[in-house]
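Colleague: Handing you a structure now.
Coordinate-derived values only; no laboratory data. Please read all numbers here as calculations on a predicted model, not as lab measurements. Cβ atoms come from the backbone with ideal geometry, glycine included; neighbour counts cover every protein chain shown.
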Amino acid sequence: MAMKLYGAPMSSCTARALACLEEKEAKYEFVLVNLPGGEHKQPTHLAKNPFGLIPALVDGDVTLFESRAVSKYVAKKHKHSGTDLLRLGNEKESAMVEVWLEVEGQQYSPHISPLVYQYIVVGEIYKQTPDEKVIAEESEKLGKVLDVYEARLSKSKYLAGDFYSLADLHHLPYTYYVMTTPVKKLYDARPHVKAWWTDISSRPVSKKVTAGMKH
Ligand SMILES: N[C@@H](CCC(=O)N[C@@H](CSO)C(=O)NCC(=O)O)C(=O)O
């Protein structure tokens, strides 16, 4: 029985899990959740994700939610196929993957997700006026995080080392969205960050998954 991923292609967090499934060449079935219809708030989906959010993954008697936990599960379960995203065969490398997985969740995501919300959800989907105060504040904080990335990426090709890993992959969806907004200038101003983004976003899997995010 193949794994089932419940979500929507344009959802950043669904895209994060999709990118991992694809990089690991895992067999899975995608089940569209009708977000506009509020399906994700109904009991059937709440049983999969008690927060009423997407994505969720069902693999036999295992039901998971939180896209980063889903992707780590998939990357571990399929450690012998596709891209080696966790570097489990090398203690130091896998430790560095864990560091930058946390950095994405604890330092990067808290500042980029409000920017995605203002520009993409408020601005493009709801056609309202984005909150310029939030944009200014979060852009400044994201810039400081990107300064750390610039220094790191001047020493290694990817965040955890000279190999593409799940830590890089986790950045894909939110960064893809902000690249379609004025926030792009923060990346263009930092050459190593810009080169890193060009590299990771041009991977075949990255192109396939971000193509599905266009709305
Ligand atoms: N930390 C969680 C966030 C899930 C989430 O916010 N999902 C959004 C769509 S993706 O941006 C969602 O379900 N939004 C619908 C809603 O908020 O009602 C994860 O990584 O899975």
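Colleague: Can you give the charge dipole size of region 81-201 about its Cα centre, rounded to the nearest 20 debye, using +1 on the beta carbon of Lys and Arg and -1 on the beta carbon of Asp and Glu?
Modeller: So the magnitude is around 260 debye.
Colleague: Next question. Would you mind ranking His192, His45 so that the residue whose beta carbon has the fewest other beta carbons within 10 Å leads the list?
Modeller: Numbers: His192 17, His45 20.
With the sparsest Cβ surroundings first, the list reads His192, His45.
Colleague: Within 10 Å of each residue's Cβ, count the other Cβ atoms and sort Cys13, Cys20 from fewest upward.
Modeller: Cys13, Cys20
Colleague: With a bin width of 5 angstrom, please list the P(r) values of region 91-215 as percents of all Cα-Cα pairs, from the 0 bin to the one holding the largest distance.
Modeller: 2, 11, 21, 24, 21, 13, 6, 2, 1, 0
Colleague: Please report, for the Cα atoms of the chain, the Rg to one decimal and the Dmax as a whole number; what are they, in angstrom?
Modeller: Rg then Dmax for the chain, in Å: 17.0, 49.
Colleague: Which value, in debye to the nearest 20, gives the size of the charge dipole of the chain about its Cα centre, when Lys and Arg are +1 and Asp and Glu are -1 at the Cβ?
Modeller: Roughly 300 debye, rounded to the nearest 20.
Colleague: Still on this model: Can you return the aspartates and glutamates within cross-link range of Lys144? Criterion is Cα-Cα under 19 Å, with same-chain partners fewer than 8 residues away left out.
Modeller: Cα-Cα hits under 19 Å: Glu102, Glu104, Glu132, Asp168, Asp188.
Colleague: Next question, about the same structure. May I ask you to derive the FRET efficiency for Gln42 and Met1 from their Cβ-Cβ distance with R0 = 41 Å, giving the value to the nearest 0.05? Write out the running numbers ahead of the final one.
Modeller: Numbers: r = 23 Å, r/R0 = 0.57.
After rounding, the FRET efficiency stands at 0.95.
Colleague: Could you tell me which of Leu115, Leu153, Thr198 has its Cα farthest along the dipole of the chain towards the positive end, charges placed at Cβ (Lys, Arg +1; Asp, Glu -1), taken about the Cα centre?
Modeller: Of the options given, the answer is Thr198.
Colleague: Any chance you could run the full-extension gain for Met10 through Ser154? It's 0.36 nm times the residue separation minus the Cα-Cα distance, nm to one decimal. Kindly include the intermediate steps, with their values, before the conclusion.
Modeller: Working: separation 144, 0.36 × 144 = 51.84 nm, distance 3.18 nm.
Difference between extended and current length: 48.7 nm.
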